[in-house]
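Structure first, commentary second.
The values are calculated or read from the model by the stated rules, or taken from the named source; none is laboratory data. All of these numbers come straight from a predicted model, not from anything done at the bench. Positions of Cβ are backbone-derived with ideal geometry, glycine not excepted, and every protein chain shown enters the neighbour counts.
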């Protein structure tokens, strides 16, 4: 007859045989601090409701706010989930996991208007160029834009097409009803 093997509790394992969650949170107190912060931020999403199409700056602020909140929710969730998975009988981590699931639902509900509002924004209100940090390098002012290619981008303003350089200075002023990107022709 085969003997049953006892499974060691996490508390009985050597530290090097366990997950190191300190890159996520140093301890449960740090987790609690972020939890409290995110819980307080969720209701502030309502401040953007009905305003996403107001201006490019409001839209950028809203997107940055949403990214910050959901990034922290992700960290909170992973930390709580991994701690819970190590010992599903641990009441402390059961409660922590339950709390983050509730907070995730609360945050998702708070931001639920984003998708529908984004779909309603008029194009003319949002076209410009930002750098990788989200700072405007060419202020939003165009009805349509194309990506930069060979240090110029095709833009439409007041129904006419022109080209700008990466600083936003016109290379060719808008004056064409129709335009195509330049094509390099080899000899």
Condition met for residue 120 (over 18 Å from the mean Cα position of the chain (by Cα) and surrounded by fewer than 13 Cβ atoms within 10 Å (Cβ to Cβ)): yes
Number of the exception - residue 50 against (1) over 18 Å from the mean Cα position of the chain (by Cα); (2) in a helix (DSSP H, G or I): (2)
Subset tally (residues that are loosely packed, with under 14 Cβ neighbours inside 10 Å and assigned to a loop (DSSP other than H, G, I, E, B)) for the range 4-33: 15
Residue in the range 60-76 that is in contact with a strand residue (DSSP E or B) (Cβ under 8 Å, 6 or more places away or on another chain), closer than 21 Å to residue 110 by Cα and in contact (Cβ under 8 Å) with a residue 60 or more places away in the chain present: yes
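Would you be able to say whether some residue in the range 133-150 is outside any helix (DSSP H, G or I), within 25 Å of residue 34 (Cβ to Cβ) and assigned by TED's automatic domain parsing to the domain that holds residue 58?
Scanning the range 133-150, I find no residue that is outside any helix (DSSP H, G or I), within 25 Å of residue 34 (Cβ to Cβ) and assigned by TED's automatic domain parsing to the domain that holds residue 58, so the answer is no.
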